[in-house]
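Trainee: Mind looking over this structure? Questions follow.
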Amino acid sequence: MKVRVRDVVSGGIQLKFVVRPADIGLAEEDFIDPENELKVIADLVRVDDFILGKLAVTFIAENYCARCLEHLSKEITTHYEVDFEILPGEEWVDLGERIREEMIIGYLPRALCREDCKGICTDCGADLNSEKCECKKE
Ligand SMILES: [Zn+2]
Ligand SMILES: [Zn+2]
C-alpha cells in the first residue's frame, strides 16, 4: 500500500485501497478475517517535510465472546492518524506497515456476543444461554 511522495500535494489527496490482510502482514491471530479484504480510505496532505494522513480502515473483526466463547464476526471501521517525515530523496511511503502496527496495538480483542450473555458453567461447561445445567450453585 505504497504512496508516491510526489503525488501527495499541499492541497491534499484522497486515495482508496482494497487489500487482503496478508498483503500488509496481518494474519488470523491478529483478530482479523484473512479472507475478507480491508478497505482503506486515506486522506493525505503534504505539510513541509511531512505527510499527514487520516485513515479509515474497514475490516471484518474475528473475535470470541469473552463469556461463552461464541465466535463473532463483525465489520468495524477504525480511524487512525499517521504522519511520515519525508527525508530528502524519499520517493515512497508505506501505509500498509503503519496500518498493521496500529491495528495490532489498538484493537483490543474483547467482546460479548450480547450484553446479557450468561456465559458457560465453570463446573460442567454447559452454555447457559441455551441450556440449564444441573450444577448446584451455592
Ligand atoms: Zn456470549
Ligand atoms: Zn454446570
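Trainee: Which residues, taken from segment 87-112, are open to solvent by less than 50 Å² (accessible area, probe 1.4 Å) and in contact (Cβ under 8 Å) with a residue 60 or more places away in the chain?
Mentor: Step one: of segment 87-112, the residues open to solvent by less than 50 Å² (accessible area, probe 1.4 Å) are 93, 95-96, 99, 103, 107, 111.
Those that are open to solvent by less than 50 Å² (accessible area, probe 1.4 Å) and in contact (Cβ under 8 Å) with a residue 60 or more places away in the chain: 93, 95, 96, 99, 103, 107.
Trainee: Limited to segment 128-138, what total is found for residues that are more than 8 Å from ligand 1 (Cβ to nearest atom) and surrounded by 14 or more Cβ atoms within 10 Å (Cβ to Cβ)?
Mentor: If we filter segment 128-138 for residues that are more than 8 Å from ligand 1 (Cβ to nearest atom), which is where we start, we get 128, 130-138.
Checking which are surrounded by 14 or more Cβ atoms within 10 Å (Cβ to Cβ) leaves us with 128, 133.
Adding up the residues that qualify gives 2.
Trainee: Being within 16 Å of ligand 1 (Cβ to nearest atom) and out of contact with any strand residue (DSSP E or B) (no Cβ under 6 Å at 6 or more places or on another chain) narrows it down to one residue among 61, 66; which is it? Break it down into steps so the answer makes sense when it comes.
Mentor: Numbers: 61 fails: out of contact with any strand residue (DSSP E or B) (no Cβ under 6 Å at 6 or more places or on another chain).
Exactly one of 61, 66 is within 16 Å of ligand 1 (Cβ to nearest atom) and out of contact with any strand residue (DSSP E or B) (no Cβ under 6 Å at 6 or more places or on another chain), namely 66.
Trainee: Let me confirm something: among 10, 73, which residue is at pLDDT 90 or above and among the polar types (S, T, N, Q)?
Mentor: Details: 73 fails: at pLDDT 90 or above.
Just one listed residue meets the conditions, 10.
Trainee: Are there any strands (runs of 3 or more DSSP E) wholly within segment 36-111 with 3 or more residues that are more than 16 Å from residue 20 (Cα to Cα), and if so which? Let's see the steps before the verdict.
Mentor: Details: elements: 38-47, 50-64, 71-85, 92-94.
Ranges flagged: 38-47, 50-64, 71-85.
Trainee: Quick one: how many residues across segment 22-35 are over 30 Å from residue 126 (Cβ atoms) and open to solvent by less than 60 Å² (accessible area, probe 1.4 Å)?
Mentor: We begin by selecting, within segment 22-35, every residue over 30 Å from residue 126 (Cβ atoms); these are 22-27, 30, 32, 34-35.
Remaining after also requiring open to solvent by less than 60 Å² (accessible area, probe 1.4 Å): 24-27, 30, 32, 34.
Qualifying residue count, segment 22-35: 7.
Trainee: Just one of the numbered conditions (1) at pLDDT 90 or above; (2) within 10 Å of the chain's Cα centre (by Cα) is not true of residue 108; which one?
Mentor: Exception for residue 108: condition (1).
Trainee: Search segment 1-51 for residues being among the β-branched types (Val, Ile, Thr) and closer than 24 Å to residue 75 by Cα, and hand back the single one that is nearest to the chain's Cα centre (by Cα). Step through it out loud before you land on a result.
Mentor: First, the residues of segment 1-51 that are among the β-branched types (Val, Ile, Thr): 3, 5, 8-9, 13, 18-19, 24, 32, 40-41, 45, 47, 51.
Keeping just the survivors that are closer than 24 Å to residue 75 by Cα gives 18-19, 24, 32, 40-41.
On the way: 18: 14, 19: 13, 24: 12, 32: 7, 40: 11, 41: 13 Å.
This residue is 32.
Trainee: Condition first: under 19 Å from residue 2 (Cβ atoms) and surrounded by 14 or more Cβ atoms within 10 Å (Cβ to Cβ). Now tell me which residues in segment 44-69 satisfy that.
Mentor: 44, 45, 46, 51, 52, 53, 54, 55, 56, 57
Trainee: Can you pull out the residues in segment 70-86 that are more than 17 Å from residue 51 (Cα to Cα), surrounded by 11 or more Cβ atoms within 10 Å (Cβ to Cβ) and within 14 Å of the chain's Cα centre (by Cα)?
Mentor: So the first thing to find is which residues in segment 70-86 are more than 17 Å from residue 51 (Cα to Cα), and the list is 70-78.
Now restrict to residues that are surrounded by 11 or more Cβ atoms within 10 Å (Cβ to Cβ): 70, 72, 74-76, 78.
Hits for segment 70-86 are 74, 75, 76, 78.
The values are calculated or read from the model by the stated rules, or taken from the named source; none is laboratory data. Quick caveat, the model's predicted, so the values are computed rather than measured. Here the Cβ is made from the backbone with ideal geometry for all residues, glycine too, and neighbour counts use every protein chain on show. SASA here: full protein model, heavy atoms, side chains in, ligands and nucleic acids out. Shrake-Rupley method; radii C 1.70, N 1.55, O 1.52, S 1.80 Å.
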